[in-house]
Amino acid sequence: MSLRRKDPLSISSDDAAPDAEDYVLEGQVGFILRQASQRHATLFAARMGADTTPTQWAALAKLHEVGPTSQNLLGRLTAMDVATIKGVVDRLMKRGLVRSATDERDARRRLLTLSDAGRAFVEANFDAAHAVTRETLAPLAERERAMFVALLEKLK
């Protein structure tokens, strides 16, 4: 049996359902996105080190950007569900990069902030984070990079 590579984009929503022979894993968007994500994760680990995950970096970078915020809002701002952001914050607190304090305006609320060590860590790693993005997008031409990011934004 030969592998027919039908362009997945050629199947429009009003076409008849494709048959099983039209399904080639390597042409499926999820498969390709996973491979691209794996490549990005490898580049991230090489630049940022094994001790910091992409989700931890996202939380640290967002806290640096927005300042003190609740864990719930930080999760929303970094596209993490409640359980994920809790685990991420717990690990960052154990590393001494994030601290939690009572909100001065509302004693019922806790706010997360970067510790001095957390702020220093983020600021020391901005260049590496930018390099990860550059290396991830390196196979694309300059014009394609902006287009690719814009298209990914539409898929969120």
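In the chain, helices alone account for a calculated mean residue ellipticity at 222 nm of -18500 deg cm²/dmol, with every DSSP H run of four or more residues adding -39,500 (n - 2.57).
Length gained on full extension, Lys94 to Asp51: 14.3 nm, using 0.36 nm per residue less the C-alpha separation. Model label sites at Arg108 and Asn72, defined 7 Å from Cα along the beta-carbon direction, differ in position by 1.0 nm. Ellipsoid semi-axes for segment 87-156, based on the Cα gyration tensor and the rule √(5λ), read 35, 17, 10 Å when sorted largest first. Ranking Ser37, Val82, Ser70 by how far each Cα lies toward the positive end of the dipole of the chain (charges on Cβ) leaves Ser70 at the top. Note that the chain presents 70 Å² accessible area per residue, ligands and nucleic acids not counted, probe 1.4 Å.
Just to be sure I follow the rule: in segment 56-156, considering lysines 8 or more places apart or on different chains, how many pairs have Cα atoms under 22 Å apart?
Lysine pairs, 8 or more places apart or on different chains, close enough: 5.
Ordered from highest to lowest accessible area with the whole protein assembly present and a 1.4 Å probe, Lys154, Lys86 read as Lys154, Lys86.
With the simple spin-label model, which puts each label point 7 Å out from Cα in the Cβ direction, the Ala124 to Arg39 separation comes to 3.1 nm.
Counting only Cα atoms, the chain measures 65, 33, 29 Å along its principal axes, largest extent leading. Axis angle, to the nearest 10 degrees, between helix 29-48 and the longest C-alpha principal axis of the chain: 40 degrees.
The values are calculated or read from the model by the stated rules, or taken from the named source; none is laboratory data. As the structure is a computational prediction, the values presented were derived from the model and not from experiment. Cβ atoms come from the backbone with ideal geometry, glycine included; neighbour counts cover every protein chain shown. With ligands, DNA and RNA removed, areas are computed over all heavy atoms of the protein, side chains included. Shrake-Rupley method; radii C 1.70, N 1.55, O 1.52, S 1.80 Å.
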